[in-house]
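Just passing along the structure, written as structure tokens.
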Amino acid sequence: MKKAVLFIIFIFFGMIAISYAQKECTIIPKPQKVSFKEGSFSLEPSTKIITGKGTEIIASRLQKMLEPATGFRFTTATKAKKGDIILS
């Protein structure tokens, strides 16, 4: 029993290590450009989705996808501030 628990823990931490080491973008469709940086972010009720030329439909879809997951109704804007989602 002890060996099985240790094996599961080993596999779990191995998967975490692999995911941190992986610098490949697994978003579909794959973006043209991705920047990997240190840190984290959180979505707040005040977070806005910043649209660029031709991204309005994508912003609308993103709003519809995020609302049930977060409980927030994100609005769109054209000027960004810290913590906003920028589509370009």
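With each pseudo-label sitting 7 Å past Cα toward Cβ, what's the Gln63-Thr78 distance in nm, one decimal?
1.6
Mind checking the angle between helix 2-21 and the chain's longest principal axis? C-alpha axes, 0 to 90 degrees, to the nearest 10.
That helix lies at roughly 40 degrees to the long axis.
So, one more: Please return the longest stretch of the chain lacking exposed loop sites, where chymotrypsin sites (Phe, Trp or Tyr not before Pro) count only if DSSP places them in a loop and at most 16 other Cβ atoms lie within 10 Å. Mind showing how you got there, number by number?
Numbers: sites that count: Phe36, Phe41, Phe72.
The answer is 1-35.
Assuming 0.36 nm per residue, please report the length gained on full extension of the stretch Lys30 to Lys2 beyond their Cα-Cα distance. Don't jump to the answer; show the numbers that get you there.
Details: separation 28, 0.36 × 28 = 10.08 nm, distance 4.21 nm.
Result: 5.9 nm gained on full extension.
Just to be sure I understand: if I project the alpha-carbon convex hull of the chain onto a plane and average over all orientations, what area do I get in nm²? Walk me through the numbers before you get to the answer.
Numbers: hull surface 33.0 nm².
Quarter of the Cα hull surface area: 8.3 nm².
In addition: So for Glu38, Glu56, fewest C-beta neighbours within 10 Å to most, what's the order? Walk me through the numbers before you get to the answer.
Working: Glu38 4, Glu56 13.
Ascending Cβ contact count within 10 Å gives the list Glu38, Glu56.
Could you give the size of the charge dipole of the chain about its Cα centre, using +1 on the Cβ of each K and R and -1 on the Cβ of each D and E, expressed in debye and rounded to the nearest 20? Please list the in-between numbers first.
Numbers: 14 positive and 6 negative charges, 18 e Å.
About 80 debye.
Pairing the Cα long axis of helix 56-70 with the longest principal axis of the chain, what angle in degrees results, from 0 to 90 and rounded to the nearest 10?
50
To continue, here is another question. For Cα pairs less than 8 Å apart in space and 6+ apart in sequence, what is the mean separation divided by the residue count of the chain, i.e. the relative contact order in percent? Don't skip to the answer; put the middle values down first.
Values: 68 pairs, mean separation 26.5, N = 88.
So the answer I get is 30 percent.
Something else now. Given only helices, namely DSSP H runs of n ≥ 4 each adding -39500 (n - 2.57), what is the per-residue ellipticity at 222 nm of the chain, to the nearest 500 deg cm²/dmol? Kindly include the intermediate steps, with their values, before the conclusion.
Details: 2 runs with 35 residues, N = 88.
The per-residue figure over the chain is -13500 deg cm²/dmol.
Values in this text are rule-based calculations from the coordinates and carry no lab data. Just so you know, these numbers come straight off a predicted model, no measurement behind them. Because the Cβ atoms are built from the backbone with ideal geometry, glycine has one as well, and the counts that use them run over all protein chains shown.
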